[in-house]
Amino acid sequence: MYTIFFSSHGIVSQLPCESGKAVTATFFTEQVLPNLIKNIEKYRPKTGTRAMKILNDNAGSHTAKLTINFLAVEGLELLPHPPHSPDLAPCDFWLFPKPKIYLQGKDFNTLQALGAGLYHYFKSIPEEDYRNVFYKWVEGCKFVYLQEGIPLSK
């Protein structure tokens, strides 16, 4: 299993998780998020994490107080997941199904080999596809928030 973060430009972070182990808030804040921040700073050397927003689903490790506090200390804004809208999770409806099809039937002997396969697959997706999924996600969020009567800010 891998934790994967992507932006409108492509994959930002891909980190292996120990097979069969749950992703706890401790693992998320000590391994996953520091790796994400390191990669963001590598791709954005002048601005780093400034003005970055993180969208997670509502998994326990993502919503735990430890995670919320870590993000606040690092200056990362956590976007609230739209209520009652699992279809507005870009990883679930767009990103994750794609490599499952691509990797089907291929044999990977190690987690690192799987990671290399995922990396090459994600690099093959045109940047425009990443941009389009974010555009559709923003439009979907606007619709849901308006339906729920939640005011839209910037």
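The values are calculated or read from the model by the stated rules, or taken from the named source; none is laboratory data. Not measured: the values here are computed from a predicted model. Please note: Cβ atoms are built from the backbone with ideal geometry, for glycine as well, and neighbour counts cover all protein chains shown.
Return yes or no: is residue 71 surrounded by 14 or more Cβ atoms within 10 Å (Cβ to Cβ) and at pLDDT 90 or above?
yes
For region 103-115, which positions are assigned to a helix (DSSP H, G or I) and either touching a Ser or Thr at 6+ places or on another chain (Cβ under 8 Å) or closer than 16 Å to residue 17 by Cβ (or both)?
Scanning region 103-115 gives 111, 112, 113, 114, 115.
Among the candidates 101, 125, single out the residue that is loosely packed, with under 15 Cβ neighbours inside 10 Å, among the aliphatic types (A, V, I, L, M) and within 23 Å of residue 9 (Cβ to Cβ).
Working: 125 fails: loosely packed, with under 15 Cβ neighbours inside 10 Å.
Matching residue, one of 101, 125: 101.
Give me the residue from region 134-154 that is of a type in the set (Gly, Ala, Ser) and loosely packed, with under 13 Cβ neighbours inside 10 Å and, out of that set, modelled with the lowest pLDDT.
153
Can you tell me which residue is farthest from residue 79 (Cα to Cα) among those in region 127-145 that are under 16 Å from the mean Cα position of the chain (by Cα) and among the aromatic types (Phe, Trp, Tyr)?
130
If we keep just the residues of region 9-50 that are among the small types (Gly, Ala, Ser) and surrounded by 15 or more Cβ atoms within 10 Å (Cβ to Cβ), which is farthest from residue 138 (Cα to Cα)? Step through it out loud before you land on a result.
Kept after step one, since they are among the small types (Gly, Ala, Ser), are these residues of region 9-50: 10, 13, 19-20, 22, 25, 48.
Those still in the list that are surrounded by 15 or more Cβ atoms within 10 Å (Cβ to Cβ) too: 10, 13, 25, 48.
On the way: 10: 17, 13: 21, 25: 27, 48: 23 Å.
Ranking the qualifying residues of region 9-50, first place goes to 25.
Please verify whether residue 100 is over 15 Å from the mean Cα position of the chain (by Cα), free of Cβ contacts under 8 Å to residues at least 40 places away in the same chain and either closer than 20 Å to residue 131 by Cα or not in a helix (DSSP H, G or I) (or both), treating the condition exactly as stated.
Working: over 15 Å from the mean Cα position of the chain (by Cα): yes; free of Cβ contacts under 8 Å to residues at least 40 places away in the same chain: yes; either closer than 20 Å to residue 131 by Cα or not in a helix (DSSP H, G or I) (or both): no.
Taking the combined requirement at face value, the residue does not satisfy it.
Scan region 14-64 residue by residue and report those that are modelled with pLDDT under 90, outside any helix (DSSP H, G or I) and among the small types (Gly, Ala, Ser).
19, 20, 22, 48, 51, 59
All but one of (1) of a type in the set (Phe, Trp, Tyr); (2) loosely packed, with under 12 Cβ neighbours inside 10 Å; (3) closer than 27 Å to residue 16 by Cβ hold for residue 94; which doesn't?
It is condition (2) that residue 94 fails.
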